[in-house]
Amino acid sequence: MKPKTVRQVFLIGFVAAILIGLFGAASESKVSILIMVLLCFGLVIFQIMFHRCPHCGQYLGRNDGKFCQHCGKPLDED
């Protein structure tokens, strides 16, 4: 999966977690807050598994640049 796609999925999931958390806090629903927490843990695992260089497979961490900090190759080739 391309790093750009991983970032987009992560952002959408993060927004969904925030909205679910706000709904859970407003309605005092423990189920909604539990879903938000599980979604956050799932997003962290997703980020660790898939935010990797397509060339060398190293974890990119917070790298949002155009090149891998490990091998120097471009991340999003079109």
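FYI, it's all coordinate maths here, none of it is from the lab. As the structure is a computational prediction, the values presented were derived from the model and not from experiment. As a convention, Cβ positions derive from the backbone with ideal geometry for all residues, glycine included, and neighbour counts pool all protein chains shown.
Among the lysines in the chain, how many pairs, 8 or more places apart or on different chains, have alpha carbons under 26 Å apart? Show your work: numbers first, answer last.
Details: K2/K66; K2/K73; K4/K66; K4/K73.
The result is 4.
Given [x] 0.99; [y] 0.92; [z] 1.13, which label gives Rg/Rh (Cα atoms, Kirkwood Rh) as computed from the coordinates?
Checked against the structure: label [z].
Label M1 and I33 with points 7 Å out from Cα along Cα→Cβ: what is the distance between them in nm?
Between M1 and I33, the simple spin-label model gives 2.9 nm.
Roughly how many debye, to the nearest 20, is the charge dipole of the stretch 29-78 about its Cα centre, given +1 on each Lys and Arg Cβ, -1 on each Asp and Glu Cβ, and no other charges?
The calculated dipole for the stretch 29-78 is roughly 240 debye.
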